[in-house]
Amino acid sequence: MNMHNINTKVYFLGFILLFQSVVIGQSLTRKEYISMYSQDAVFQMHKYKIPASITMAQGILESNNGNSRLAVKGNNHFGIKCHDWTGKKMYEDDDKKNECFRKYNSALESFEDHSKFLKKYNRYAFLFDYKITDYKSWAKGLSKAGYATNKKYADILIKLIEENKLHELDQKSEPIHFTSNSSRNIYLHPNKIRYVISKENDSYLTIAKEFDMRLWQLYKYNDTDSYYELTKNEKVFIQPKRNKAKAKVHLASEGDSFRSISQEYGIKLKKLHKRNKHLVGHKIKSGFEIKLR
């Protein structure tokens, strides 16, 4: 379809898109993009029978590794235009100037809508007769059905899949996943972890139900337990924190605790304790250097 016009002009604009993403604070490498969204692609594969390799390759291509303005500002990773869309919208130049594109609350919604888009239109129906592991037929079929105007679209997808070994995702079992039906904004921490911000009268239980997660998962991901009372505007991780932070050292301020530092940098509390054994059990004072990696 015309919304996916990938040509020389798009490649020329690649640097501009990357520059825009850096300015607003999010710049992903291809490796990071694959790591971040591969489970979403596998989840969609098991739910809608679309090869995860195809979903990932299209996401990489259409969103410039998640760095395009559409992806960053509108969570639109597949360049899907408005058509009969009744949700939020944003406008970008594509085949024509100031065209209407769908805007989502999260990247997860974009992945879900992409799957539904392929299932909705009859011109893509024949694709679902191919084996889930036959990414070459899927790529060629998408091009034949008019998904993109670029005549080399299939070749580009196949190259992306093979260069990044995305076909290995087509063998993956269904991952543990949280629902994308939430209207709550999902944010990306600099340490590449998804999180939400608590609202008035929120609790870990309400958030767990909203994302179809187990309560113990949120306790574990946020290094807390059932005795902790969540307050408004707190960061709540919905994915596991990392073993180390991007920064090397945190210079403590008054009121800091190991847990608050853990939440701030997206690093597991037990790893923080391990790197700062000499301070465990003591009150953290202003000026203390806390090792983060």
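What follows is calculated from the coordinates using simple rules that are stated; it is not laboratory data. What you are looking at is a predicted structure, and each value in this text was computed from that prediction instead of being measured. Positions of Cβ are generated from backbone atoms using ideal geometry, with glycine treated the same way; all protein chains shown enter the neighbour counts.
With a Förster radius of 41 Å applied to the C-beta separation of His278 and Arg214, the computed FRET efficiency comes to 0.70. Using only the C-alpha atoms, the convex hull of the range 249-291 corresponds to 61 Å³ per residue.
Label-to-label distance, Lys144 versus Glu200, with points set 7 angstrom from Cα along the beta-carbon direction: 5.7 nm. Listed by chain and number, the aspartates and glutamates placed with their C-alpha closer than 20 angstrom to that of Lys159 are Glu32, Glu62, Asp134, Glu168, Asp170; residues fewer than eight positions away on the same chain are left out.
Counting only other residues whose beta carbon sits under 9 Å from that of Glu99, what net charge do I get with K and R as +1, D and E as -1?
Net charge around Glu99: -1.
If you count, for each residue, the other Cβ atoms within 10 Å and average over each peptide, how do 242-248, 116-122 line up from highest to lowest? Numbers along the way, then the final one.
Working: 242-248: 15.6, 116-122: 14.0.
Highest mean packing first, the order is 242-248, 116-122.
The Cα-based radius of gyration and maximum Cα-Cα distance (Dmax) for the range 187-237 are 10.3, 28 Å.
If I take R0 = 25 Å and measure r between the Cβ atoms of Val249 and Tyr187 in this structure, what FRET efficiency does the formula 1/(1 + (r/R0)^6) give, to the nearest 0.05? Each step should come with its number before you reach the end.
Working: r = 24 Å, r/R0 = 0.98.
It comes out at approximately 0.55.
FRET efficiency for the pair Lys291 and Asn233, taken as 1/(1 + (r/R0)^6) with r the Cβ-Cβ distance and R0 = 22 Å, rounds to 0.20.
Can you give the helix-only mean residue ellipticity at 222 nm for the chain, where every DSSP H stretch with n ≥ 4 adds -39500 (n - 2.57) and the sum goes over all residues, rounded to the nearest 500 deg cm²/dmol? If you can, show how the numbers build up before the last one.
Values: 11 runs with 117 residues, N = 293.
Rounded to the nearest 500, it is -12000 deg cm²/dmol.
How much net charge surrounds Trp85 when only the other residues with a Cβ under 13 Å from the Cβ of Trp85 are counted, with Lys and Arg +1 and Asp and Glu -1?
Working: positive: Lys81, Lys88, Lys89, Arg102, Lys103, Lys116, Lys120; negative: Asp84, Glu99, Glu109, Asp113.
It works out to a net charge of +3.
Net charge in the neighbourhood of Asp40 (other residues with Cβ under 11 Å of its Cβ; Lys, Arg +1, Asp, Glu -1) is 0. Working ranking of peptides 45-57, 79-91, 97-109 by packing, defined as the average number of other Cβ atoms within 10 Å per residue, highest first, is 45-57, 97-109, 79-91.
Note on Lys151 and Cys82: the extension gain reaches 22.5 nm, defined as 0.36 nm multiplied by sequence separation minus the Cα-Cα distance.
Between His167, Ile156, Gly281, the Cα set farthest toward the positive side of the dipole of the chain (charges on each charged residue's Cβ, about the Cα centre) is that of Gly281.
Extent along the principal axes, Cα only, for the chain: 66, 37, 36 Å, with the longest axis given first. Between the range 84-131 and the range 196-210, the C-alpha centres lie 29 angstrom from each other.
DSSP assigns beta bridges within the chain; of those with both partners inside it, close to 95 percent run antiparallel. Scoring 276-287, 60-71 by mean Cβ neighbours within 10 Å over their residues and listing the highest first yields 60-71, 276-287.
Please sort through the DSSP H helices of the chain and keep those with an alpha-carbon extent of at least 18 Å along the long axis and a Kyte-Doolittle average not below 0.5.
8-23
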